[in-house]
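Structure record follows, encoded as structure tokens.
The values are calculated or read from the model by the stated rules, or taken from the named source; none is laboratory data. Note that the structure is a prediction, hence the values are computed from the model and not measured. In this analysis, Cβ positions are derived from the backbone assuming ideal geometry, glycine residues included, and neighbour counts consider all displayed protein chains. Areas reflect the complete protein model, heavy atoms only, side chains present, ligands, DNA and RNA absent. Shrake-Rupley method; radii C 1.70, N 1.55, O 1.52, S 1.80 Å.
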Amino acid sequence: MAAMDDMIDATALTERFLRDGFVKIEQAFPTRVAADAARLLWRETGCDPEDPATWNRPVHWIGGLSDGPFAAAPNSAALHAAYDVLVGPGRWEPRYSLGSFPLRFPHPEEPDDAGWHIEGSYQPEGANWYYTNLRSKDRALLMLFLFSEVREQDAPTRIRVGSHIDIPPLLEPYGEAGVSGLRIAARIDAASAHRPVVHATGHPGDVYLCHPFLVHAAQPHHGTRPRFMAQPPLYPAVPYELDRPDGDYSPVERAIRRGLAAGAR
Ligand SMILES: O=C(O)CCC(=O)C(=O)O
């Protein structure tokens, strides 16, 4: 506990996470790891970093990668300490890969994936889209790992601050089975439209740890240098619980309960 307290102010982290639905951990992993990761991501795109004529699409989606830097990035001491604070010790799975990289390039075409949404996490048999449920099955956190400089003009992810509180009442009627993100997309957008928007800017090595129900969206890139990011889940080791006799709720669970209470008022 003493070591964790040296690294991270757990109370401040928890308060910000409960209020905003996310926390930014600056220099959560080393810059040289980010640089190594970016080099491998360029290779995956087949584009030439020095020749914008080869940047042939507004977004290159890359799947999962487990080369060294992608195994190292999510496992820094600072991130492990933050996962413990937000999700709870023993309640999250270490991961040795990163996945789902939306690599956004300056391009005259608009991307077609820039709507407001929360991340779905599992696909029931026969479903053609990802689902989520009130206990956030299969997703302990949404994480944004920055591998390039992300300034305002570099297509930072848009975040509706505090929107994680708006979502639990929408999910509750669907119970354990949950609902497809597509089916409730319009309601998610409407329920959180009043929230202020901030942009996930930062430096290579910064990480945003987000509540699974944080409403966010991509945006077109109007800058000059591509934006490299990963947006993987942190996986749970055990399901979230919303009714704990001992009251030992994690900040993620507390936020879901707050959202339900707010919806009931
Ligand atoms: O690229 C981004 O900024 C966010 C992408 C995203 O949230 C998504 O497509 O699920």
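Observations, loosely collected:
- Residue within segment 76-99 that is closer than 27 Å to VAL215 by Cβ, in contact with an Asp or Glu (Cβ under 6 Å, 6 or more places away or on another chain), at pLDDT 95 or above and not aromatic (Phe, Trp, Tyr) present: no
- Exclusive hit being part of a helix (DSSP H, G or I), loosely packed, with under 15 Cβ neighbours inside 10 Å and modelled with pLDDT of 95 or more, set ARG43, ARG16: ARG43
- Of the residues LEU141, LEU103, the single one that is within 12 Å of the ligand (Cβ to nearest atom), of a type outside the set (Gly, Ala, Ser) and within 26 Å of ALA35 (Cα to Cα) is LEU103.
- Odd one out for GLU109 among (1) open to solvent by 60 Å² or more (accessible area, probe 1.4 Å); (2) away from the ligand (no atom under 12 Å from the Cβ); (3) closer than 17 Å to PRO236 by Cβ: (3)
- Of all residues in segment 64-91, those that are at positive phi and open to solvent by 10 Å² or more (accessible area, probe 1.4 Å) total 1.
- Among the criteria (1) within 15 Å of the ligand (Cβ to nearest atom); (2) closer than 26 Å to GLU253 by Cβ; (3) open to solvent by 20 Å² or more (accessible area, probe 1.4 Å), the one TYR174 does not fulfil is (1).
- Verdict on LEU103 being within 16 Å of the chain's Cα centre (by Cα), assigned to a strand (DSSP E or B) and surrounded by 20 or more Cβ atoms within 10 Å (Cβ to Cβ): yes
- Scope segment 177-190; condition assigned to a helix (DSSP H, G or I) and surrounded by 12 or more Cβ atoms within 10 Å (Cβ to Cβ); matching residues: ALA185, ARG187, ILE188, ASP189, ALA190
- Pick from segment 219-242, criterion part of a loop (DSSP other than H, G, I, E, B), away from the ligand (no atom under 14 Å from the Cβ) and touching a helix residue (DSSP H, G or I) at 6+ places or on another chain (Cβ under 9 Å), ranking: farthest from ALA38 (Cα to Cα): LEU242
- Among the residues here, PRO69 qualifies as over 25 Å from TYR130 (Cα atoms), touching a Leu at 6+ places or on another chain (Cβ under 8 Å) and either within 16 Å of the ligand (Cβ to nearest atom) or in contact (Cβ under 8 Å) with a residue 24 or more places away in the chain (or both).
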